[in-house]
Amino acid sequence: MSLKIKNKFTAELPADENLENSRRQVLNACYSEVKPRKTSNPELIHVSPELAETLGFEKDFIHSKEFLNIFSGNKVIEGSTSYAMCYGGHQFGSWAGQLGDGRAINLGEIEHKNKSWVLQLKGAGETPYSRSADGLAVLRSSIREYLCSEAMYHLGVPTTRALSLVLTGDQVLRDIMYDGNPDYEKGAIVCRVSPSFLRFGNYEIFTARQDIDTLKTLLNFTIKHHFQHLGKPSKETYIQFFREVMERTLSMIIHWQRVGFVHGVMNTDNMSILGLTIDYGPYGWLEGFDFGWTPNTTDSQHKRYRYGNQPNIGLWNLYQLANALYPLIEDPKPLEEILNDYKSVFEVKSLEMMRSKLGLELKQENDLKLVHELETVLQLSETDMTIFFRNLANLRKDDSESGIQVIEDAFYIPSDISDKIRQSWKSWLNKYKERLQEETLSDNDRKTKMNLVNPKYVLRNYMAQLAIDEADKGDYRLINELYTLLKKPYDEQSEYAKWFVKRPEWARHKVGCSMLSCSS
């Protein structure tokens with residue numbers, strides 16, 4: 001199959017002059033040319049047919065030896081330049097210096113129907129940015145990334161995509177919990193797809209090194225190809241660029257909060273300049289509603305990246321990007337105004353999002369109070385977020401008997417629901433019913449609208465772990481079942497009702513089902 005190859009990134013941006021694939025500091029360059037590592041016995045486990053069609057791939061090509069060779073790293077696409085990007089970043093609030101694509105290799109860009117897509121292999125081997133790591137990925141983390149990328153897309157959350165999941169046939173040594181007990185695992189590669197994989201850290205690295213010429217070159221390239229509607233590069237254009245990045249970042253995090261997704265590692269090198277969810281590592285969905293929950297073992301003490309702090313971290317990361325862009329703007333005032341707007345706009349958008357989850361179309365003065373009271377009562381006992389909001393749509397506003405029984409399936413430990421807690425729920429539900437009386441929608445119409453924003457199915461960590469356990473035995477059927485289920489997360493899908501349940505008790509503290517490490 002003939003692919004329409006574009007090499008804009010490598011043709012228009014400065015390259016690393018050293019072609020040796022050795023760990024080092026890469027200066028005055030946006031990328032290093034590097035080829036994927038050969039794999040010994042690749043096997044295609046799964047492919048996203050919808051994404052393949054979006055990319056213009058024919059069915060025969062997907063099932064061909066050429067496809068397997070390209071997406072296992074054994075063949076470079078003819079006419080393309082494969083490369084790893086140079087970037088830095090703040091990790092857990094501290095500047096980490098040069099980071100870069102340590103285990104991601106971009107195969108190049110393809111164009112289809114006037115849209116350009118970058119194909120990137122995660123786990124395809126060492127690059128100059130790998131530091132002391134091997135640049136490889138394991139089946140466990142690759143399944144999680146593959147399924148979650150596509151699940152997020154179908155939830156309507158801005159995200160990078162995943163095209164294929166390939167078993168390499170090679171063994172990879174990993175210490176899953178960083179406890180000094182490494183073991184060999186099956187190696188795998190995911191092909192990520194995005195219009196761009198540029199991150200906040202791509203710009204930070206050059207400002208940190210006072211390489212303003214390369215910073216300007218990269219920013220002009222970004223505007224030319226991804227923000228062309230802003231016009232020709234200028235100081236005013238740079239300001240508008242920053243505003244749009246702010247708005248996209250804000251929108252992405254609002255979506256995370258809506259579905260209960262916790263990224264787990266919101267370092268600035270994991271923040272997409274396009275406002276896309278990127279780098280699926282120790283992520284997780286809220287089981288019990290808890291603003292203080294983080295899925296990341298590395299973050300278990302300080303909980304910097306906990307669910308309730310994601311909006312604040314988005315703003316903190318934007319401050320770092322503003323600092324990186326400042327040398328090209330030389331005026332702090334417009335940047336400060338945009339950052340201040342984030343705070344006020346987020347409050348408005350967050351309330352709009354919560355109104356939609358509660359099925360409220362009208363804007364009433366006391367809605368924010370109603371939301372805050374709900375968030376308080378949700379945390380009085382362990383209450384499943386996904387099940388609660390999905391079942392809340394079944395409440396009948398004129399039925400005096402309809403109340404706590406509608407949402408009690410969301411309680412993890414029913415015995416924890418004391419009379420006091422039950423009374424708190426009854427009080428809130430009555431206020432909610434009174435508020436619904438002010439709405440013109442019928443119960444059925446409200447339920448329909450609520451079910452469009454409150455998913456019935458999300459990729460709970462225990463579900464992914466079950467698929468991982470089966471795949472480790474060579475059985476990939478559960479991967480396909482979950483992939484199929486998560487394509488329609490808002491539909492009832494009665495044939496998959498077994499997945500509309502609370503996290504099983506056996507998964508509460510099981511590795512891979514609760515907390516995860518950054519290698520997950």
Checklist entry - Would you pick out the residues in the stretch 354-379 that are touching a residue at least 40 places away in the same chain (Cβ under 8 Å), aliphatic (A, V, I, L, M) and surrounded by fewer than 16 Cβ atoms within 10 Å (Cβ to Cβ)? => result L362
Checklist entry - In the list I189, I205, which residue meets the criterion of being open to solvent by less than 10 Å² (accessible area, probe 1.4 Å), of a type in the set (A, V, I, L, M) and out of contact with any helix residue (DSSP H, G or I) (no Cβ under 8 Å at 6 or more places or on another chain)? => result I205
Checklist entry - Out of all the residues in the stretch 434-454, is one or more in contact with a Gly (Cβ under 6 Å, 6 or more places away or on another chain) and over 19 Å from S356 (Cβ atoms)? => result no
Checklist entry - Only one of (1) under 13 Å from the mean Cα position of the chain (by Cα); (2) among the small types (G, A, S); (3) on the phi < 0 side of the Ramachandran plot fails for G288. Which number is that? => result (1)
Next on the checklist: Can you find, within the stretch 56-84, the residue that is nearest to the chain's Cα centre (by Cα) among those that are small (G, A, S) and open to solvent by less than 40 Å² (accessible area, probe 1.4 Å)?
Outcome noted: A84
Checklist entry - Can you tell me how many residues in the stretch 59-117 are in a helix (DSSP H, G or I) and of a type in the set (A, V, I, L, M)? => result 3
Item to check | Some residue of the stretch 127-136 being surrounded by fewer than 21 Cβ atoms within 10 Å (Cβ to Cβ), in contact with an Asp or Glu (Cβ under 8 Å, 6 or more places away or on another chain) and of a type in the set (K, R) | outcome: no
Checklist entry - Taking the stretch 287-327 only, how many residues are open to solvent by 50 Å² or more (accessible area, probe 1.4 Å), in contact with a helix residue (DSSP H, G or I) (Cβ under 9 Å, 6 or more places away or on another chain) and among the polar types (S, T, N, Q)? => result 1
Checklist entry - If you check every pair at least six apart or on different chains, which have Cβ atoms under 8 Å apart with a residue in the stretch 273-290 that is touching a residue at least 60 places away in the same chain (Cβ under 8 Å) first and a residue that is assigned to a strand (DSSP E or B) and open to solvent by 10 Å² or more (accessible area, probe 1.4 Å) second? => result L276/T159; T277/T159; I278/T159
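Let's see how each residue does on (1) buried (at least 17 other Cβ atoms within 10 Å of the Cβ); (2) within 20 Å of T383 (Cβ to Cβ):
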{"site": "T448", "(1), (2)": "no, no"}
{"site": "L482", "(1), (2)": "yes, no"}
{"site": "D491", "(1), (2)": "no, no"}
{"site": "K498", "(1), (2)": "no, no"}
{"site": "V501", "(1), (2)": "no, yes"}
Checklist entry - Which one is nearest to the chain's Cα centre (by Cα) among residues in the stretch 118-144 that are among the aliphatic types (A, V, I, L, M), closer than 27 Å to D183 by Cβ and part of a strand (DSSP E or B)? => result L121
Checklist entry - If you take the residues of the stretch 194-221 that are of a type in the set (S, T, Y) and within 21 Å of the chain's Cα centre (by Cα), which of them is nearest to W95 (Cα to Cα)? => result Y203
Next on the checklist: If a residue must be outside any helix (DSSP H, G or I) and in contact with a Gly (Cβ under 8 Å, 6 or more places away or on another chain), how many such residues does the stretch 295-348 contain?
Outcome noted: 6
Item to check | Subset of the stretch 212-238 [closer than 23 Å to A15 by Cα, assigned to a loop (DSSP other than H, G, I, E, B) and either aromatic (F, W, Y) or open to solvent by less than 40 Å² (accessible area, probe 1.4 Å) (or both)] | outcome: F227
Item to check | Contacts under 7 angstrom Cβ, first residue in the stretch 444-456 being at pLDDT 95 or above, partner assigned to a loop (DSSP other than H, G, I, E, B) and open to solvent by 80 Å² or more (accessible area, probe 1.4 Å), 6 or more apart | outcome: K456/E492
Checklist entry - Does the stretch 397-417 hold any residues that are surrounded by 15 or more Cβ atoms within 10 Å (Cβ to Cβ) and in contact with a Ser or Thr (Cβ under 9 Å, 6 or more places away or on another chain), and which are they? => result I407, A410, F411, Y412, I417
Checklist outcome for this item: Flagged in the stretch 154-175 as within 24 Å of M271 (Cα to Cα) and either surrounded by fewer than 21 Cβ atoms within 10 Å (Cβ to Cβ) or of a type outside the set (S, T, Y) (or both), in numbering order, are H154, L155, G156, V157, P158, R161, A162, L163, L165
Checklist outcome for this item: Considering the stretch 369-406, residues that are charged (D, E, K, R) and assigned to a loop (DSSP other than H, G, I, E, B), and then whichever is nearest to the chain's Cα centre (by Cα), we arrive at E382
Next on the checklist: Restricting to the stretch 153-198, name every residue that is among the aromatic types (F, W, Y) and either at positive phi or modelled with pLDDT of 95 or more (or both).
Outcome noted: Y153, Y178, F197
Checklist outcome for this item: The residue that is nearest to L55 (Cα to Cα), considering only those in the stretch 85-126 that are surrounded by fewer than 21 Cβ atoms within 10 Å (Cβ to Cβ) and touching a Leu at 6+ places or on another chain (Cβ under 6 Å), is H112
Item to check | Pair list, Cβ under 8 Å, 6 or more apart: the stretch 328-353 residue over 15 Å from F242 (Cβ atoms) and open to solvent by 80 Å² or more (accessible area, probe 1.4 Å), other residue assigned to a helix (DSSP H, G or I) and of a type in the set (A, V, I, L, M, F, W, C) | outcome: K343/L315; K349/L250; K349/I254
Next on the checklist: Among the residues of the stretch 104-140, what is the count of those that are among the aromatic types (F, W, Y) and touching a Pro at 6+ places or on another chain (Cβ under 9 Å)?
Outcome noted: 1
Next on the checklist: Tell me whether the stretch 457-473 contains one or more residues that are among the basic types (K, R) and within 18 Å of the chain's Cα centre (by Cα).
Outcome noted: yes
Checklist entry - Out of curiosity, is R422 part of a helix (DSSP H, G or I), in contact (Cβ under 8 Å) with a residue 12 or more places away in the chain and over 13 Å from L378 (Cα atoms)? => result no
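The values are calculated or read from the model by the stated rules, or taken from the named source; none is laboratory data. No experiment lies behind these values; they were computed from the predicted model shown. Cβ: placed from backbone, ideal geometry, glycine included. Neighbour counts: every protein chain shown. The area values use the complete protein model at the heavy-atom level, side chains included, leaving out ligands, DNA and RNA. Shrake-Rupley method; radii C 1.70, N 1.55, O 1.52, S 1.80 Å.
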